[in-house]
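The values are calculated or read from the model by the stated rules, or taken from the named source; none is laboratory data. Small disclaimer: the values here were computed from a predicted structure and weren't measured. Glycine gets a Cβ as well: all are built from the backbone with ideal geometry, and neighbour counts include every protein chain shown. Note: areas computed on protein heavy atoms with side chains; ligands, DNA, RNA excluded. Shrake-Rupley method; radii C 1.70, N 1.55, O 1.52, S 1.80 Å.
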Amino acid sequence: MNSTLRGVTHAILRVGSALLFIEHGLQKVFGVMGGFGGGGTAPLVSLFGLAGYMELIGGVLLIVGFLTRPVAVVLLAEMIVAFFYAHFPMGGWPVQNFGEIPLTYACIFAFLAANGAGPFSVDERAKS
């Protein structure tokens with residue numbers, strides 16, 4: 001794969017996954033797109049409230065590619081905790097417990113933690 005295509009797909013993965021991730025934060029914090037727990041918002045001082053703000057703020061930082069590696073590490077940890085806290089008790093296999101989404105995000109955040117923001121990012125711009 002040539003370097004231009006590699007860079008473009010890296011940016012698409014970072015920005016696309018961050019845009020989708022933000023939706024989870026919007027549900028929890030603002031109650032949009034179906035809301036949290038049947039249309040409401042998560043209590044601000046709760047695990048779900050904290051998760052909502054992590055998803056919103058972390059998602060925005062990933063979109064612009066600022067502090068990508070540390071943000072990705074924090075969000076990776078959040079997704080592992082989310083899987084074991086909310087999904088694993090419903091069965092061991094992700095297909096049983098609806099845990100595919102947090103585990104997929106965990107894989108994406110692991111990639112970003114290891115590889116950085118890539119091109120078209122504040123982090124990359126700061127290097128030059």
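Rounded to a whole number, what % of the accessible area of the chain do carbon and sulfur atoms account for, probe 1.4 Å? Intermediate values should be presented prior to the final figure.
On the way: 5460 of 7390 Å².
Of the solvent-accessible surface of the chain, carbon and sulfur hold 74 percent.
Between V73 and L20, what is 0.36 nm times their sequence separation minus the Cα-Cα distance? Round to one decimal in nm. Don't skip to the answer; put the middle values down first.
Numbers: separation 53, 0.36 × 53 = 19.08 nm, distance 1.77 nm.
The V73-L20 span can extend by a further 17.3 nm.
Set the Förster radius R0 to 22 Å, insert the Cβ-Cβ distance between I12 and T104 as r into 1/(1 + (r/R0)^6), and round the FRET efficiency to 0.05. Intermediate values should be presented prior to the final figure.
Values: r = 15 Å, r/R0 = 0.69.
Result of the calculation: an efficiency of 0.90.
In square angstrom, what is the accessible area per residue of the stretch 1-68 with a 1.4 angstrom probe? Intermediate results must be reported in sequence, preceding the final value.
Details: 3720 Å² over 68 residues.
I get 55 Å² per residue for this part.
Where the eigenvalues come from the Cα gyration tensor of the stretch 1-82, what are the semi-axes √(5λ) of the equivalent ellipsoid, largest first, in whole Å? Each step should come with its number before you reach the end.
Values: eigenvalues 149, 36, 17 Å².
Three semi-axes, in Å: 27, 13, 9.
Leaving ligands and nucleic acids out of the surface, order T9, T4 by accessible area at 1.4 Å, largest first.
Details: T9 60, T4 95 Å².
I get T4, T9, largest accessible area first.
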